[in-house]
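Here the structure is laid out as structure tokens; the discussion comes afterwards.
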Amino acid sequence: MHILSPRVLISTLVTALVAGALLTAPAARSASADVVVSQLCAGGGNSGAAFTNDFVELFNRGGTAVDVGGWTIQYASAAGSSWQTTALSGSIAPGKRYLVQLASAAAVGSALPTPDASGTTNLANSGGKVAVVRAGTALTCGASAGSCAGDAQIVDLIGYGSAVDYEGAEAAPALTNTTADLRSGDGCTDTDNNSADFATAAPDPRNSSSPAAGCGSTPPPPSGASQNAAVDIDIQPVLSISLERSSVSFGNAVAGDTPNAVSEHVTVVSSDATGYALTVHRSAFVPADLPLGIAGTAPSGAQVGPGLNGGAMAGIPIPPAADLVVGTTTARSAGAGDVWATSLGFASPLPVVAPGRYTATVTFTVIGR
């Protein structure tokens, strides 16, 4: 009996949510009930950029359509109070996106999806401010922290990178040629804290033709904390082999005889989904070798090795010769195991040898594929 039982390590990362207090500075305004900036990208057309243009993506996280006719997307530098405007039009349905295409540095990257509005503003990667405004008049705030908080026309304000004005305790992350700032919760999260609400990722611009994404009946909770716990488990695969007989005897014989084959069924249990291979080898008979062989058939769903095709009695090799392949499978075994109907016999008549008791050992091996 030969049993292989390799050790398998499966590592799983589990994230545990832990309730706790997250201390932030006062928000610039209450969380937007509907339209928010869900994504912004400033690397358009720069070296290595995925897309040719800067863009701002809006998202309607509310439950009713919002008419944005007369609204603007506005941009100012990190410490500036001079804003550039891009006019919006139409409306944004619940759960839908609205893509605003902006300036391009060069013809690098792919074209954006068809924009819902276009402008010529050039966003800076290192830092800046983007506001969604219910009017067309340019803002004059933004030169100091909290200076835009009292403007009732501002629907949403994002300060990123080195921006001096922003919502909450800190600005959202700075951008690069290959990253954008994306709002958490696929656009649904708005805690009025830019640093908590946004994270950098590869840009993924979506327009009004993109599928709707609902945010549920209530906004996500305004605070929380998370902690990772690494969890692992060692799973031992089932891989075993058992023999019909622990010893096989051919009784008495004389030179020139070919003793009748003796049944030695082999049962294999394997949980390996990709199957296994069953092989055999032997030691030489002592005091002199004899031509021991094997024949057999495969269980359902398996196939015998080439040497056993057609019920042939194949000689069993002696190391260092390679093992004889009894058969293979491409799936896990049956629940009670696969039974290989093998038998041991002699591949040719017994040679002329001295009288006496001749012994050898046959070893079957099963290997997961």
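The values are calculated or read from the model by the stated rules, or taken from the named source; none is laboratory data. The structure displayed is predicted, hence computed values, not measured ones. Heads up, the Cβs are rebuilt from the backbone with ideal geometry, glycines too, and the neighbour counts pull from every protein chain shown.
Yes or no: region 362-369 includes at least one residue that is among the polar types (S, T, N, Q) and crowded, with 18+ Cβ neighbours inside 10 Å. Checked against the condition, which is being among the polar types (S, T, N, Q) and crowded, with 18+ Cβ neighbours inside 10 Å, region 362-369 yields no hits at all.
Restricting the search to region 336-353, which residues are surrounded by fewer than 18 Cβ atoms within 10 Å (Cβ to Cβ) and among the hydroxyl-bearing types (S, T, Y)? Of everything in region 336-353, just one residue is surrounded by fewer than 18 Cβ atoms within 10 Å (Cβ to Cβ) and among the hydroxyl-bearing types (S, T, Y), namely S348. For A42, all conditions in the list (1) over 10 Å from L123 (Cα atoms); (2) within 36 Å of the chain's Cα centre (by Cα) hold save one; what is the number of the exception? Single failed check for A42: (1). The one condition from (1) surrounded by fewer than 19 Cβ atoms within 10 Å (Cβ to Cβ); (2) under 36 Å from the mean Cα position of the chain (by Cα); (3) of a type in the set (S, T, Y) that S91 does not meet is (2). Listed by position, the strands (runs of 3 or more DSSP E) inside region 180-261 whose residues that are under 24 Å from the mean Cα position of the chain (by Cα), among the polar types (S, T, N, Q) and more than 30 Å from G335 (Cα to Cα) number at least 1 are 198-201, 225-235.
Quick one: would you say G168 is in a loop (DSSP other than H, G, I, E, B) and surrounded by fewer than 11 Cβ atoms within 10 Å (Cβ to Cβ)? Judged against the criteria, G168 is not a match.
Can you confirm whether T191 is under 30 Å from D54 (Cα atoms), touching a residue at least 60 places away in the same chain (Cβ under 8 Å) and of a type in the set (S, T, Y)?
yes
When residues in region 151-167 are screened for being in contact with a Ser or Thr (Cβ under 7 Å, 6 or more places away or on another chain) and among the hydroxyl-bearing types (S, T, Y), 1 of them pass.
Comparison of A131, A79 shows that the only residue that is part of a strand (DSSP E or B) and either among the polar types (S, T, N, Q) or modelled with pLDDT of 95 or more (or both) is A131. Give V108, V133, V164 a once-over and let me know the one that is assigned by TED's automatic domain parsing to the domain that holds G45, touching a residue at least 60 places away in the same chain (Cβ under 8 Å) and in contact with a Phe, Trp or Tyr (Cβ under 8 Å, 6 or more places away or on another chain). Among V108, V133, V164, only V133 is assigned by TED's automatic domain parsing to the domain that holds G45, touching a residue at least 60 places away in the same chain (Cβ under 8 Å) and in contact with a Phe, Trp or Tyr (Cβ under 8 Å, 6 or more places away or on another chain). Got at least one residue in region 214-235 being crowded, with 17+ Cβ neighbours inside 10 Å, under 30 Å from A354 (Cβ atoms) and touching a residue at least 40 places away in the same chain (Cβ under 8 Å)? No. Restricting attention to region 338-369 and to residues that are closer than 15 Å to P317 by Cα and in a loop (DSSP other than H, G, I, E, B), the residue that is farthest from the chain's Cα centre (by Cα) turns out to be S348.
Against the definition (in a loop (DSSP other than H, G, I, E, B) and without any contact (Cβ under 8 Å) to a residue 12 or more places away in the chain), how does G335 come out, yes or no?
yes
Just checking, does region 280-289 include any residue being polar (S, T, N, Q) and more than 42 Å from the chain's Cα centre (by Cα)?
Here is the first cut: in region 280-289, the residues polar (S, T, N, Q) are 283.
Next, only the ones that are more than 42 Å from the chain's Cα centre (by Cα) stay: 283.
Yes, the conditions are met somewhere in region 280-289.
Looking across G62, G48, G69, one residue alone is within 17 Å of L175 (Cα to Cα), in the same structural domain as L157 (by TED's automatic domain parsing) and assigned to a loop (DSSP other than H, G, I, E, B). It is G48.
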